[in-house]
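Read the structure below first, then the notes.
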Amino acid sequence: MKYAVSNIAWSASDRLKAYAKLQAAGITGLEIAPGLLFSMADDPFDPTEAEIALVQNELDRFGLSLVSMQSLLFGVEGAELFGDAYERAAFEQGLMRAIKLAGRLGIPNLVLGSPKQRQRPSGMEPNAAIDKAIEILTPLADAAAFAGTKIAMECNPAEYGTNFLTTPDETLAFVKRANHAAIMLNFDVGATLLTGTFDHVMDQLIAAGPVLNHVHISEPYLSPAPANPQDAAKVLQTLETLEYQHVVSIEMRQPQDGLAGLDTALENLLEARGLAGEAR
């Protein structure tokens with residue numbers, strides 16, 4: 001397994017200090033929200049080659065590689081997966097810009113959360129919504145595969161303002177029904193805690209098996225993570241058993257205590273890795 005942290009955990013101005021902390025903790029992966037990574041760009045989803053080179057030089061200094069992208073529809077107005085023709089087009093065009101950026105940067109995973117943009121309209125039956133979503137996402141997944149990346153569907157509990165794919169089991173069932181090599185699963189630990197299913201996390205991960213492409217170590221509402229090293233260790237032990245070869249990423253908002261909160265998260269992750277008996 002490779003470990004990463006999402007850059008939503010710090011401000012753009014603190015990035016170099018954060019990168020140094022990741023390097024000191026042996027973290028080699030960086031998950032990104034483009035708006036933070038390319039905060040200097042006129043369009044963070046279409047940075048210039050010079051802007052990319054500047055960012056890459058910074059990452060190289062700290063031994064970091066880009067492993068995943070989130071906040072895929074940031075700044076896109078009117079995007080709705082189940083909206084009218086205009087809203088669907090905005091959704092598709094927004095996701096395509098993320099796919100193209102992933103291709104330019106060599107990012108192998110795109111986390112599709114975006115709860116507000118995938119609200120199922122009243123009157124649309126759940127199965128019809130699944131079929132419509134697969135119809136819309138399949139050509140986007142084709143484009144993702146061509147770009148060398150994958151769309152990883154993320155469970156967003158109802159508390160995040162959506163009614164589509166709100167449980168881990170529903171999200172896994174959707175990925176399996178889509179049956180596309182570039183539509184995979186992002187497993188979010190915080191979602192299992194929020195839906196009260198963490199007691200079954202081992203079974204959920206085992207069921208995901210070959211469609212598991214990315215894992216978020218997270219807490220409900222993106223509080224500092226992992227809060228409980230013992231819980232995180234259970235996840236890591238299961239992933240070791242599955243011989244999981246992808247990335248485990250800490251996902252949390254900027255803590256109130258700033259970079260000190262990042263230190264705590266990294267310490268808790270290190271403890272979890274030790275409890276899991278991971279060979280490092």
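Each reported figure results from applying straightforward, stated rules to the coordinates on display, with no laboratory input. Owing to the predicted nature of the structure, the values given are computational and were not obtained by experimental measurement. Don't worry about glycine lacking a Cβ; one is built from the backbone with ideal geometry, like all the others, and counts go over all protein chains shown.
Between E92 and D46, the simple label model (points 7 Å from Cα in the Cβ direction) yields a spacing of 1.9 nm. Counting every alpha-carbon pair across the range 143-207, the share separated by more than 15 Å comes to 52%. Remark on the range 23-158: Rg and Dmax equal 16.1, 53 Å (Cα only). One decimal place: the segment E240-M124 gains 37.8 nm when fully extended, by the rule 0.36 nm per residue minus the C-alpha distance. Relative protection proxy for 154-163, 188-197, from highest mean packing down: 188-197, 154-163 (other beta-carbon atoms within 10 angstrom).
Figure the gain on full extension for S223 and E135 (residue separation times 0.36 nm, minus the Cα-Cα span) and round it to one decimal in nm.
Stretched out fully, the S223 to E135 stretch lengthens by 28.3 nm.
In order along the range 27-43, the Karplus-derived 3J(HN,Hα) couplings, from 6.51 cos²θ - 1.76 cosθ + 1.60 at θ = phi - 60°, round to 8, 10, x, 10, 8, 10, 9, x, x, 8, 5, 10, 5, 7, 7, 4, 10 Hz, and Gly and Pro are given as x.
Per-residue counts of other Cβ atoms within 10 Å, averaged by peptide: what ranking do you get for 244-252, 230-238, 12-20, highest first?
Details: 244-252: 21.9, 230-238: 19.7, 12-20: 15.2.
Per-residue mean Cβ counts within 10 Å order the peptides as 244-252, 230-238, 12-20.
Once every DSSP H run of n ≥ 4 in the chain is given -39500 (n - 2.57) and the sum is divided by its residues, what mean residue ellipticity at 222 nm do you get, rounded to the nearest 500 deg cm²/dmol? The helix-only estimate for the chain comes to -14000 deg cm²/dmol at 222 nm.
Sequentially through the range 57-65, phi angles give Karplus couplings (6.51, -1.76, 1.60; θ = phi - 60°) of 4, 5, 5, 4, 4, 10, x, 9, 10 Hz, Gly and Pro residues having no value and appearing as x.
In straight-distance terms, cross-link reach from K176 covers every one of the aspartates and glutamates whose alpha-carbon lies under 18 Å from its own, apart from those fewer than eight places away in the same chain; here that gives D131, E135, D142, E154, D188, D203. For trypsin sites (Lys or Arg not before Pro), no site in the range 111-183 is both called loop by DSSP and has at most 12 other Cβ atoms within 10 Å.
Ranked from highest to lowest mean number of other Cβ atoms within 10 Å per residue, what is the order of the peptides 89-102, 45-58?
89-102, 45-58
Close amide H partners of F187, meaning residues 5 or more places away or on another chain with modelled amide H under 5 Å apart, are N213, H214, V215, H216. If the segment from L54 to A85 were pulled out straight at 0.36 nm per residue, it would be longer than the present Cα-Cα gap by 7.3 nm.
Taken along the Cα-to-beta-carbon direction at a fixed 7 Å, the label points for E77 and S13 span 2.9 nm. Relative contact order for the range 1-130: 22 percent, from Cα pairs under 8 Å spaced at least 6 residues apart, divided by residue count.
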